[in-house]
Amino acid sequence: MSVLTPARSSGQSARTRANFSAWANRHRKWLFAAPAMIFVGLLIVFPLAWTLYLSLTDSQGSVRAASDFVGFENYLTVLTDTERFWPAVGRTVSFTLVALVCEVVLGMCIALLLWRPFRGEKWVRVAILLPLVATPVAVGMMWRLIFDPNIGFANQLLGLVGIPPQPWLSGQDSALPTTIFMDVWQWTPMVVLILLAGLTSLSEEPDEAARMDGANAFQRFFFVTLPLMMPTVIVAILLRGIDALKTFDILYATKGKGGGSFHEVETLNVYAYGLSFDYNQYGLSSAVLILFFMIIIGSMWLLTMRKKAGSK
Amino acid sequence: MKRRSVVKYAAVAAALSMGLTACGGGGGGDSKGSDTVRVTLANHVWTEGIKAAIPEFEKSTGLKVELTQLGEDQLSDQYNVKLNAGSDEIDVMMYRPLQEGKAFGKNGYLADLTSKVAEDADWNWKDYQDGPVKASTYEDKVMGVPIITEREVLYYRKDLLKAAGLEVPKTMEELEAAAKKIASTDTAGFVARTGKSTAVTQFSSFLYSFGGDFTDESGKSAVGSEEAKKAYAFYGGLIKNYGPKNVSTDMSWPEAMAIFTQGKAAFYTEADSLYKNATDPAKSKVAETVGFAPLPAGPAGSKPYNIPSWGLAINQSSGNQDNAWKFIKWATSKDRTLEAQKAGVPGPRASVWSDPAGTSTYPKDLAAAIAVSAEKGVGHDRPLVITVGKAREIVGEPIVASITGADASAAADQANTAFQKFLDDENK
């Protein structure tokens, strides 16, 4: 703390205050945005820039060890890798698309059911929202136990109705659909929530007008409600789509490193994780992550374009 | 004027944020050594024992122990992140000498303990078995103190063998014949790990017993050798032909052990250090009828691995290395090792094994199997390389191929090429 004489300090501090408020007034848009900008800089721009830098080096073993700049070599390696990278891209896309379609269709059906008030509505809503509040890792562990091929509950249940045991998570072809099922089970409630909010904010009049004109329930849904709901549906697709693309915990909790012995559920996320934490190939893993980041940005851009076109 | 005030505010903001970080980072890490020793351990029976005894250590030394306990994979990930960043947040770390020792040694993550282990004759480093000591040493420097040793043994069901009128198999052929005879719709003849990477350690003993190894004497890949091909076909064949129905290719020990302890398999080969899972009535339906035997002999004899699976090390970046060493010395003392061994953790100290109290709590047949295995054991259970994770996936490929009925020999040839390329890359 500096010590100033009282006479000087009061005059000077008044002047400093005036100066500061004038300065603050002139720069207020920057001043108010500063905390957010620092936050974005520290937590988003810096890690991204660091990953981009790593992706251009041959960093491996330890990020503290010396590494050489290799240009786009990592990208070339990754993009020509038909054994792990491209199948992982395929799985990421199919996981996202299938999960998304199921969740939106199912979510819309459930939201329509919950739209009109009925007795016990509260309880039904709570029950539907339950999966949403569970931790994905715990969800993964739970389903892993249920789907265990030898001692799991799912096969015992099938046995009761005379259906032979299924491999579920352990099958090469059935593992990915099983994890998609788990994702749908957990995340459909979120879509329901978004769509329900959209439905309740819709005006009743167009629907009534259509009813007066003699439109049946299907016609009213497809030609009146759905077009009006399109902006909300796109928001739901956008939010859930990005999340589904990034899915990691459910896959890791059920099949572990590498997405199983045949990489049957290895998506881009799981692949990049394995490259970093199991193989310690940071350069290569960063290249995968940058490419993945570009895929996400690209699909987000496509969807927002679609949203703009829809709202016009 | 304007510019100067901006600079002034920036300086204040910077000072403030540094002050905040200093507050946040306070506590340990100071170079003179803190009274708090931060210890990171894996979920393990050994950890349970030491956890209960920590108040003893705190009382006698006046130090405080801050314990973090994690699952195996989470532990690895923590080390990857923290040691990579040069963090001083960990003082003592439980690590896997064969899995991470080489990589951590090369990266300079671990403190050199060579002079520390030599200075105290009472604590006695010479008491440690050769294999574990070798595995904890990197480039002639002691990097860790082993705490748990493991050998692969045969777990079997006495009642099923008796009902089938069979003797305990002494050779791989007898094992296969017995598994074939016992296998039925309810009970598998044989079970073991099946995951591509996780099965490698248990498959290794089969590989050695068939006369193979992961690399030959010149350091070249040997997983394509005739011996290795036979071992792959045998291990995978046992599981494919006499294993549980709907067998998955993802099983690590918890899944395989569950099948055995649920009474659904006659034979099971696994690390001896996990025996409590099979003999504890709270965890095992077959606790009363479990028997143990040395690994059956293959064409090259019975050659199980004999390795230190876990050790304690000090983080090179820790500012509290002297106190960290005090903790390690206490946790690995002869008394504590004896206590741990009595609680079911096979230790690395020769004197504890020769002390009758050291084996008093073990089933007799298990103690005998351990003694035999320790004598003939091979000092590694996975390829001795830097990136063990990747190597395990490569050499594990033919195991999975064999379990699923694919051509094990072709898969071994393919793995051989891939493994050789991997070795060449690593030695570049």
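The values are calculated or read from the model by the stated rules, or taken from the named source; none is laboratory data. All values reported here derive from a predicted model rather than from experimental measurement. Methodologically, a virtual Cβ is constructed for each residue, glycine included, from the backbone with ideal geometry; neighbour enumeration extends over all protein chains shown. To get the accessible areas, we keep the full protein, side chains included, count just its heavy atoms, and leave off ligands, DNA and RNA. Shrake-Rupley method; radii C 1.70, N 1.55, O 1.52, S 1.80 Å.
Worth a mention:
- Applying the condition of being more than 14 Å from chain A (Cβ to nearest Cβ) and in a loop (DSSP other than H, G, I, E, B) to region B:104-120 and asking which residue is surrounded by the most Cβ atoms within 10 Å (Cβ to Cβ) yields B:Leu113.
- Here A:Tyr53 passes the criteria (1) surrounded by fewer than 16 Cβ atoms within 10 Å (Cβ to Cβ); (2) within 14 Å of chain B (Cβ to nearest Cβ); (3) over 30 Å from A:Ala236 (Cα atoms) except the one numbered (2).
- Checking each residue of region B:367-382 against the condition of being within 14 Å of another protein chain (Cβ to nearest Cβ), surrounded by 19 or more Cβ atoms within 10 Å (Cβ to Cβ) and not hydroxyl-bearing (Ser, Thr, Tyr) gives at least one match.
- Selection of first residues in region A:110-126 that are closer than 15 Å to A:Thr225 by Cβ and of second residues that are part of a helix (DSSP H, G or I) and open to solvent by 60 Å² or more (accessible area, probe 1.4 Å), restricted to Cβ pairs under 7 Å at least 6 apart or on distinct chains, gives the following pairs, ordered by first then second residue: A:Leu114/A:Arg125.
- From B:Phe203, B:Phe214, residue being within 14 Å of another protein chain (Cβ to nearest Cβ) and crowded, with 24+ Cβ neighbours inside 10 Å: B:Phe203
- Region B:79-98, residues that are of a type outside the set (Val, Ile, Thr) and open to solvent by 60 Å² or more (accessible area, probe 1.4 Å): B:Ala85, B:Glu89
- Restricting attention to region B:320-349, the residues being open to solvent by less than 10 Å² (accessible area, probe 1.4 Å) and under 26 Å from B:Lys276 (Cα atoms) number 10.
- Residue, nearest to B:Ile239 (Cα to Cα), within region B:395-420, restricted to residues that are more than 11 Å from chain A (Cβ to nearest Cβ) and among the β-branched types (Val, Ile, Thr): B:Val395
- Among the conditions (1) open to solvent by 80 Å² or more (accessible area, probe 1.4 Å); (2) part of a helix (DSSP H, G or I); (3) in contact with a helix residue (DSSP H, G or I) (Cβ under 7 Å, 6 or more places away or on another chain), the only one that A:Ala24 does not satisfy is (1).
- Matching option when the condition is away from chain A (no Cβ under 12 Å) and either closer than 16 Å to B:Ala401 by Cα or among the basic types (Lys, Arg) (or both), among B:Val286, B:Val223, B:Val247: B:Val223
- Region A:260-289 - residue that is at the interface with chain B (Cβ under 10 Å from one of its Cβ atoms) and in a helix (DSSP H, G or I) and, of those, surrounded by the fewest Cβ atoms within 10 Å (Cβ to Cβ): A:Phe277
- Odd one out for B:Lys390 among (1) surrounded by 19 or more Cβ atoms within 10 Å (Cβ to Cβ); (2) free of Cβ contacts under 8 Å to residues at least 60 places away in the same chain; (3) more than 11 Å from chain A (Cβ to nearest Cβ): (3)
- Lone qualifier among A:Gly258, A:Gly283 - being on the phi < 0 side of the Ramachandran plot and more than 20 Å from the chain's Cα centre (by Cα): A:Gly283
- In the set A:Ser201, A:Ser170, only one residue is open to solvent by 10 Å² or more (accessible area, probe 1.4 Å) and at pLDDT below 90; that residue is A:Ser170.
- Residue match in region B:409-418 (condition: touching an Asp or Glu at 6+ places or on another chain (Cβ under 7 Å), closer than 26 Å to B:Ser309 by Cα and either part of a loop (DSSP other than H, G, I, E, B) or of a type in the set (Asp, Glu) (or both)): no
- Residue in region A:139-150 that is in contact with a Pro (Cβ under 6 Å, 6 or more places away or on another chain) and under 22 Å from B:Ser252 (Cβ atoms) present: yes
- Pairs where the first residue, in region B:63-81, is in contact (Cβ under 8 Å) with a residue 60 or more places away in the chain and the second is open to solvent by 40 Å² or more (accessible area, probe 1.4 Å) and assigned to a loop (DSSP other than H, G, I, E, B), C-beta under 8 Å, 6+ apart: B:Leu63/B:Asp35
- When B:Gln129 is tested against (1) within 30 Å of B:Glu339 (Cβ to Cβ); (2) surrounded by 17 or more Cβ atoms within 10 Å (Cβ to Cβ); (3) in contact with an Asp or Glu (Cβ under 9 Å, 6 or more places away or on another chain), just one condition goes unmet, and that condition is (3).
- Test: residue in region A:212-219 that is within 14 Å of chain B (Cβ to nearest Cβ) and either touching a strand residue (DSSP E or B) at 6+ places or on another chain (Cβ under 9 Å) or surrounded by 16 or more Cβ atoms within 10 Å (Cβ to Cβ) (or both): no
- Of the residues examined, B:Thr171 is not one that is in contact with a helix residue (DSSP H, G or I) (Cβ under 7 Å, 6 or more places away or on another chain), of a type in the set (Ser, Thr, Tyr), open to solvent by less than 50 Å² (accessible area, probe 1.4 Å) and more than 20 Å from B:Tyr79 (Cα to Cα).
- Leading residue by the ranking (most open to solvent (accessible area, probe 1.4 Å)) among those in region A:90-135 that are over 20 Å from A:Thr179 (Cβ atoms) and among the small types (Gly, Ala, Ser): A:Ala127
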